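> Structure provided below as structure tokens; questions to follow.
The values are calculated or read from the model by the stated rules, or taken from the named source; none is laboratory data. Here the structure is a predicted model, which is why all the values come from computation and not from measurement. Note: ideal-geometry Cβ built from the backbone for every residue, glycine included; neighbour counts use all protein chains shown. Areas reflect the complete protein model, heavy atoms only, side chains present, ligands, DNA and RNA absent. Shrake-Rupley method; radii C 1.70, N 1.55, O 1.52, S 1.80 Å.
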Amino acid sequence: MKIGILTSGGDCPGINATIRGVCKTAIRHYGMEVVGIHSGFQGLLTRDVEQITDHSLTGLLNLGGTILGTSREKPFKKQRAVTVEADKPTLIRQNIEALGLDCVVCIGGNGTQKTAARLAGIGVNVISVPKTIDNDIWGTDVSFGFDSAVTIATEAIDRLHSTASSHKRVMVIEVMGHKAGWIALYSGMAGGGDVILLPEIPYSIKNIGDVLLQRLKKGKNYSIVVVAEGIQTDGKKRAAEYIAQEIEYETGIETRETVLGYIQRGGSPTAFDRNLSTRMGGHATELIATGQFGRMVTLQGDKVSSLPLEEVAGKLKLVTEDHDLVVQGRRMGISFG
Ligand code: F6P
């Protein structure tokens, strides 16, 4: 068999480990030929590919980013003008045929799952692997990249404690997550946040102010507020800036903000993510070898498995108020707004 592999959407730690997992299993175990497609679905439109050999797979396990490059090309997105490239899905199908690919492995987030499902719908053999630091892909308990992002964010929060304490300030830190609060919840709890704001749970500045003033009364001279980038704001400022200004106005306590940004997506994956990537990559290849196409690899409990793409695509996995970290956090006096 000859398979293609691409990475699409925002990068994250563990993509290269997944490429390695897919390709080493394909080449060594199943004797398949592998072609790397550059820049996500963009490379399928332009046939920008490279042959992957065992040699190309050296040094990938702990390498950040993606050796194949990525883009946010969405070939099924409606084109405004009817141009030569208007029918991108057909072009992609033709190119896959011309390249002689029996299957394309798509490593990506929610947008990629949607595109992969649409490709499956027009008869292309696809397998997808869920990748995002946001952990918001429905159908899998965890996506690789999440643990690395949480580890980085937790370390950042740890570092804010000492400077917050020295200056007797409120420190607001904004973490990524798109519309989901997974990174904020996990890093906020692991980093000892006093207030954790998630897009899924409504907050009031008055409540937050009361919590922070109460802490002062109890002699706790500083506080840490962890906010997800996707929380409701005035629509103009970034989440951290908005919350910090509102807190200072409400309480009069000196407040500073930090936006962690792309540091959460860069660099080496954690050991957990390396092993998850390796297992998911291997499973993707096994699905291909057994002819099970149109599926997304999943982690359910500790079992790597898969689900039909049409069941997964277009759905978001969000934090719910009955999540045990939220429940336990509340029991311990942590405010969710
Ligand atoms: O989905 C991953 C993510 O890093 C989100 O957390 C963030 O909102 C978004 O991507 C940023 O995307 P871009 O790379 O387009 O700036």
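> Check MET189, MET176 and return the single one that is within 15 Å of the ligand (Cβ to nearest atom) and open to solvent by 10 Å² or more (accessible area, probe 1.4 Å).
Every option except MET176 fails the conditions.
> Between ALA153, ALA180, ALA149, ALA98, which is touching a residue at least 40 places away in the same chain (Cβ under 8 Å), farther than 30 Å from ILE224 by Cβ and of a type in the set (Gly, Ala, Ser)?
It is ALA98.
> Follow-up question, since we're still on this one. Can you name the residue in the stretch 316-337 that is of a type in the set (A, V, I, L, M, F, W, C) and more than 15 Å from VAL195 (Cβ to Cβ) and, of all such residues, is surrounded by the most Cβ atoms within 10 Å (Cβ to Cβ)?
Within the stretch 316-337, the match that is surrounded by the most Cβ atoms within 10 Å (Cβ to Cβ) is VAL319.
> Would you point out which residue out of ARG274, ARG331 is in contact (Cβ under 8 Å) with a residue 60 or more places away in the chain and on the phi < 0 side of the Ramachandran plot?
ARG274
> What are the residues in the stretch 229-265 that are open to solvent by less than 30 Å² (accessible area, probe 1.4 Å) and either within 16 Å of the ligand (Cβ to nearest atom) or part of a helix (DSSP H, G or I) (or both), if any?
Correct list: ILE231, ALA239, ALA240, ILE243, ALA244, ILE247, THR251, LEU260, GLY261, GLN264.
> Residues of the stretch 117-132 being within 16 Å of the ligand (Cβ to nearest atom) and open to solvent by less than 10 Å² (accessible area, probe 1.4 Å), which ones?
SER128, VAL129, PRO130, LYS131
> Another question, if that's okay. Looking at the stretch 103-130 only, could you name the residues that are closer than 22 Å to GLU33 by Cβ and not in a loop (DSSP other than H, G, I, E, B)?
Passing the criteria: CYS103, VAL104, VAL105, CYS106, ILE107, ALA116, LEU119, ALA120, VAL126, ILE127, SER128, VAL129.
> Let me ask something else. Please tell me if TYR222 is within 16 Å of the ligand (Cβ to nearest atom), touching a residue at least 60 places away in the same chain (Cβ under 8 Å), open to solvent by 10 Å² or more (accessible area, probe 1.4 Å) and touching a helix residue (DSSP H, G or I) at 6+ places or on another chain (Cβ under 8 Å).
Spelling it out, it is not the case that TYR222 is within 16 Å of the ligand (Cβ to nearest atom), touching a residue at least 60 places away in the same chain (Cβ under 8 Å), open to solvent by 10 Å² or more (accessible area, probe 1.4 Å) and touching a helix residue (DSSP H, G or I) at 6+ places or on another chain (Cβ under 8 Å).
> Could you tell me which of the residues LEU160, LEU213 is aliphatic (A, V, I, L, M) and surrounded by fewer than 16 Cβ atoms within 10 Å (Cβ to Cβ)?
LEU213
> Are any residues in the stretch 299-337 in a strand (DSSP E or B) and within 30 Å of GLY209 (Cβ to Cβ), and if so, which ones?
SER335
> The conditions are (1) within 26 Å of GLY21 (Cα to Cα); (2) of a type in the set (Val, Ile, Thr); (3) in contact with a helix residue (DSSP H, G or I) (Cβ under 7 Å, 6 or more places away or on another chain); (4) open to solvent by 20 Å² or more (accessible area, probe 1.4 Å), and ILE107 fails exactly one of them. Which is it?
(4)
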